[in-house]
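The values are calculated or read from the model by the stated rules, or taken from the named source; none is laboratory data. Here the structure is a predicted model, which is why all the values come from computation and not from measurement. Cβ sites come from the backbone with ideal geometry, for glycine too, and all protein chains shown count toward neighbours. Please note that ligands, DNA and RNA were not included when accessible areas were found on the heavy atoms of the full protein model with its side chains. Shrake-Rupley method; radii C 1.70, N 1.55, O 1.52, S 1.80 Å.
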Amino acid sequence: MAIDAQTLQQLLDTVASFVRERLRPMEDRVAEEDTVPSEVIQEMRELGLFGLSIPEEYGGLGLNMTEEVQVAFELGRTSPAFRSIIGTNNGIGSQGIIMDGTEEQKQKYLPRLASGELISSFALTEPEAGSDAASLRTSARREGDHYILNGTKRFITNSPEAGIFTVMARTDPAKPGGAGISAFLVERGIPGLQIGLPDRKMGQKGAHTADVMFDDCRVPATQLLGGVEGQGFKTAMKVLDRGRLHIGAVCVGVAERLLGDSLRYAVERKQFGKPIAEFQLIQAMLADSRTEAYAARCMILDAARRKDSGENVSTEASCCKYFASEMVGRVADRAVQIYGGSGYIADFGVERFYRDVRLFRLYEGTSQIQQLVIARNMIRSIQ
Ligand code: COS
C-alpha cells in the first residue's frame with residue numbers, strides 16, 4: 001500500500017530534520033559509549049520509525065518499497081547504528097511474519113513491533129553456516145505440542161535487545177539443504193534460550209550483535225512460522241531480497257552524507273594558496289563519488305518500483321546491495337583521502353564512517369553472494 005505524496009514528503013522532511021538536528025550531533029557520543037540513548041529510541045518510537053514497513057492494519061505506516069527506500073536514504077545520513085535499531089523491526093525481524101506468518105502470529109507480534117515496544121531479531125547465521133545458509137545445523141525436534149531447539153546462532157543483530165527471534169532451524173534432518181529448514185518465532189525469556197555477550201566490532205558502535213544459544217529450548221508448536229514445516233529457508237531468502245534493497249538505500253544515504261562532508265571540507269581547506277576543491281585531482285574524487293552515489297540511488301528506486309509493481313526482483317535486489325555497498329566503500333575511502341591527515345583522526349568523524357560502512361559488504365549476504373545470486377539467476381533465466 002502507498003501513502004499519498006504529501007504525507008510521504010512530510011515524513012521524509014521529519015526524518016531529515018530528526019537526523020540533522022537530533023542524531024548527527026550525537027554521533028560521537030554514541031560511538032564512544034556504544035549505546036544509543038533510551039530517550040532517542042523513545043523519540044524513534046514516537047516518529048513511527050519502528051513500523052515503517054509494517055502494514056497499517058497492524059499499527060505500522062504501511063510504506064511500500066519505494067517509500068521505504070526514500071526514508072532509508074534519509075536515515076543513512078547519520079551513523080548507521082541509529083538505523084540499525086529500527087532496522088530489524090522493519091526488515092529481517094518482521095518481514096518473515098508479514099510474508100508467511102499466520103493471522104494469529106501477525107496479530108500477536110506486529111502491533112508491538114510497529115510501536116517499537118518489542119525489538120525483533122533474525123537468527124539465520126551460525127558459526128559453521130554463513131554464506132552457505134542452507135547448511136545450518138540448529139535443530140528443532142518435535143515432541144508433542146513443542147519443538148525442542150538446540151544450536152547456536154552467530155552475529156545476530158539486535159539480539160541483546162530483542163524480545164522476539166525469527167529462528168531458522170532444521171526440522172527434518174533427513175532433508176539436506178533448505179528443504180528441511182523451518183522458521184520459528186521464539187520469545188526471549190523461555191528456558192534454554194541464552195544470549196551471549198555483545199560482540200566487539202570494528203564499527204557501527206551503538207548497534208549490537210551477539211550469539212543466540214538454544215539448549216533444549218522448548219518452543220510451543222504454535223510458534224512455527226505459518227504453521228508449516230520446511231518453508232523456513234524460502235522465507236529467509238524472500239526476507240533477504242527485501243532487506244538487500246533497504247541496505248542498498250542506507251548505503252546511498254551514507255554516501256551522500258560523506259559526499260556533502262567531503263565537498264564542504266574541500267571548499268574550506270586551503271593548500272598551495274587556494275581551496276583544495278580547485279585542484280582537479282580532488283575534483284575527480286568528488287565527481288566519481290557523486291556519479292556513483294547517483295547511479296546507486298537510481299538503481300535502488302528502479303528496483304523498488306519494480307518490486308511494488310509485483311515483479312520478482314531477486315536479481316535486482318542483489319545488484320543494488322552489491323553495487324551500493326561497494327560504492328559506499330569507495331566513497332568513504334575517497335572521503336578519507338580528501339580530508340587527508342584529518343581523515344585519519346577520530347575528531348573529524350570520517351574514519352568512523354570508513355569503519356562503519358565496511359559491514360555493508362558483509363551482512364545480508366556478502367558481495368560475493370550477491371554476485372553468485374545475480375549470475376545464477378541470469379543462467380537460470382535462459383535454461
Ligand atoms: N526467493 C524465494 N525462494 C528462493 C529464493 C528467493 N530469493 N532464493 C532461493 N529460493 C528457494 C529456491 O527456489 C529453492 O527452492 P526449491 O528447492 O523449491 O527449488 C530453495 O530456496 C533453495 O535455493 P538454492 O538451491 O538456490 O539454495 P542454495 O543453498 O544453493 O543457496 C544462496 C542460495 C547462496 C543464495 C543462499 O544460501 C544465500 O543467500 N546465502 C547468503 C545468506 C545471507 O545472506 N546471510 C546473511 C546473514 S542473514 S542477515
The residue that is nearest to the ligand (Cβ to nearest atom), considering only those in region 341-383 that are of a type in the set (Gly, Ala, Ser) and touching a Phe, Trp or Tyr at 6+ places or on another chain (Cβ under 9 Å), is 365
Out of the residues in region 193-215 meeting the condition of being over 23 Å from residue 358 (Cα atoms) and of a type outside the set (A, V, I, L, M, F, W, C), tell me which one is nearest to the chain's Cα centre (by Cα).
196
Region 99-117, residues that are away from the ligand (no atom under 16 Å from the Cβ) and surrounded by fewer than 22 Cβ atoms within 10 Å (Cβ to Cβ)
102, 103, 104, 105, 106, 107, 108, 111, 112, 115, 116, 117
Taking residue 13, is it touching a residue at least 24 places away in the same chain (Cβ under 8 Å), out of contact with any Asp or Glu (no Cβ under 8 Å at 6 or more places or on another chain) and not aliphatic (A, V, I, L, M)?
no
Take the conditions buried (at least 20 other Cβ atoms within 10 Å of the Cβ), touching a residue at least 60 places away in the same chain (Cβ under 8 Å) and within 13 Å of the ligand (Cβ to nearest atom) and apply them to residue 123. Does it pass?
yes
Return the only residue of 67, 27 being charged (D, E, K, R) and within 22 Å of residue 317 (Cβ to Cβ).
67
Picking from 288, 302, which residue would you name as being surrounded by fewer than 18 Cβ atoms within 10 Å (Cβ to Cβ), part of a helix (DSSP H, G or I) and in contact with a Lys or Arg (Cβ under 8 Å, 6 or more places away or on another chain)?
288
Hey, among the residues in region 305-314 that are more than 18 Å from the chain's Cα centre (by Cα) and within 16 Å of the ligand (Cβ to nearest atom), which one's least open to solvent (accessible area, probe 1.4 Å)?
310
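Is it the case that region 136-146 has a residue that's buried (at least 17 other Cβ atoms within 10 Å of the Cβ), more than 13 Å from the ligand (Cβ to nearest atom) and part of a strand (DSSP E or B)?
Yes; the residues of region 136-146 include at least one that is buried (at least 17 other Cβ atoms within 10 Å of the Cβ), more than 13 Å from the ligand (Cβ to nearest atom) and part of a strand (DSSP E or B).
Test residue 282 against the criterion of being open to solvent by less than 30 Å² (accessible area, probe 1.4 Å), β-branched (Val, Ile, Thr), assigned by TED's automatic domain parsing to the domain that holds residue 351 and touching a Lys or Arg at 6+ places or on another chain (Cβ under 8 Å), and give yes or no.
It is false that residue 282 is open to solvent by less than 30 Å² (accessible area, probe 1.4 Å), β-branched (Val, Ile, Thr), assigned by TED's automatic domain parsing to the domain that holds residue 351 and touching a Lys or Arg at 6+ places or on another chain (Cβ under 8 Å).
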With region 168-275 as the region, which strands (runs of 3 or more DSSP E) entirely inside it contain at least 2 residues that are within 16 Å of the ligand (Cβ to nearest atom), without any contact (Cβ under 8 Å) to a residue 60 or more places away in the chain and open to solvent by less than 40 Å² (accessible area, probe 1.4 Å)?
181-187, 209-220
Looking at 333, 302 in this structure, which one is closer than 30 Å to residue 238 by Cβ and away from the ligand (no atom under 16 Å from the Cβ)?
302
